[in-house]
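A short write-up of the structure that comes next.
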Amino acid sequence: MTCVRNTSYSLLLNGRVQGRFKGEKGLRQGDPMSPLLFVLIMEYMTRSLQLAARNSSFRYHPMCKSLKLLNLCFADDLILFCKGSLSAVSIFKEALGKFSEATGLSINASKSHIYFSGVNAAERRVIAQAIQLPEGTFPLRYLGVPMRPTKWKHEDCEIIVHRIRLKLLTWSSRHLSYAGRLLLIHSVLFGLRNY
């Protein structure tokens, strides 16, 4: 994030102003406020996208239509969903442009890709050129798990099973009671599977 200059802040305790201080430095990586601010900014972006989705020419991704799902974000990963049409992508691009103007955050083109499913090659080229992002190939890795537009294959789930096996091997070498292992399984392995 960038530094905010010429800004002053007031400290309120019990509803009373206790003093003022001038803001001179922005957030740095690892700052405890970073996760909270990221969540707030992503909430603003989600609401901006929802507002843009009210446009009559916007179409939801077929798998996301019933939930009206537009995006998923976790940590610093973000996935946007829409129908593979130039009008829907243009609406997203315009909404992201307004978001960028308001927050100063923009798409990192070197780390971003656009993915298509069920869109012909000519339309893919037009959309990719309009949004100016390279086309990615499936499977897309999101949070370490491969994602594809079709049903999961056996090898897609193998990553999760492999991680669970590694955890079990590590725990078996420790001197844990039966109750201790059971607690680890419930808290860690079920959480890993659900994640």
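The values are calculated or read from the model by the stated rules, or taken from the named source; none is laboratory data. Just so it is clear, the model here is predicted, and its values are computed rather than measured. With ideal geometry, Cβ positions are generated from the backbone for all residues, glycine too; neighbour counts draw on all protein chains shown. To get the accessible areas, we keep the full protein, side chains included, count just its heavy atoms, and leave off ligands, DNA and RNA. Shrake-Rupley method; radii C 1.70, N 1.55, O 1.52, S 1.80 Å.
The figures follow:
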{"quantity": "Residue count, the range 68-90 (criterion: at negative phi, among the aliphatic types (A, V, I, L, M) and open to solvent by 20 Å² or more (accessible area, probe 1.4 Å))", "calculated": "6"}
{"quantity": "Meets criteria (open to solvent by 80 Å² or more (accessible area, probe 1.4 Å) and not in a helix (DSSP H, G or I)) for Ser56", "calculated": "yes"}
{"quantity": "Residue within the range 93-115 that is farther than 30 Å from Ser34 by Cα, small (Gly, Ala, Ser), without any contact (Cβ under 8 Å) to a residue 12 or more places away in the chain and open to solvent by 90 Å² or more (accessible area, probe 1.4 Å) present", "calculated": "no"}
{"quantity": "Inter-residue pairs, beta-carbon under 7 Å, first on the phi > 0 side of the Ramachandran plot and in the range 143-169, second surrounded by fewer than 12 Cβ atoms within 10 Å (Cβ to Cβ) and modelled with pLDDT of 75 or more, 6+ apart", "calculated": "Leu143/Phe74; Leu143/Asp77"}
{"quantity": "Scan of the range 146-163 for residues that are outside any helix (DSSP H, G or I) and touching a Pro at 6+ places or on another chain (Cβ under 9 Å), ordered by number", "calculated": "Pro146, Met147, Arg148, Trp152, Lys153"}
{"quantity": "Of all residues in the range 55-83 being of a type in the set (D, E, K, R) and under 22 Å from Ala109 (Cβ atoms), the one that is modelled with the highest pLDDT", "calculated": "Asp77"}
{"quantity": "Meets criteria (at pLDDT 75 or above, within 25 Å of Asp76 (Cβ to Cβ), touching a helix residue (DSSP H, G or I) at 6+ places or on another chain (Cβ under 7 Å) and hydrophobic (A, V, I, L, M, F, W, C)) for Phe138", "calculated": "no"}
{"quantity": "Any hit, the range 92-104, residues being at pLDDT below 90, in a loop (DSSP other than H, G, I, E, B) and within 17 Å of the chain's Cα centre (by Cα)", "calculated": "no"}
{"quantity": "Test: residue in the range 128-139 that is in a helix (DSSP H, G or I), under 27 Å from Met45 (Cβ atoms) and small (Gly, Ala, Ser)", "calculated": "yes"}
{"quantity": "Of residues in the range 156-195 being under 23 Å from the mean Cα position of the chain (by Cα) and open to solvent by 70 Å² or more (accessible area, probe 1.4 Å), the one modelled with the highest pLDDT", "calculated": "Arg163"}
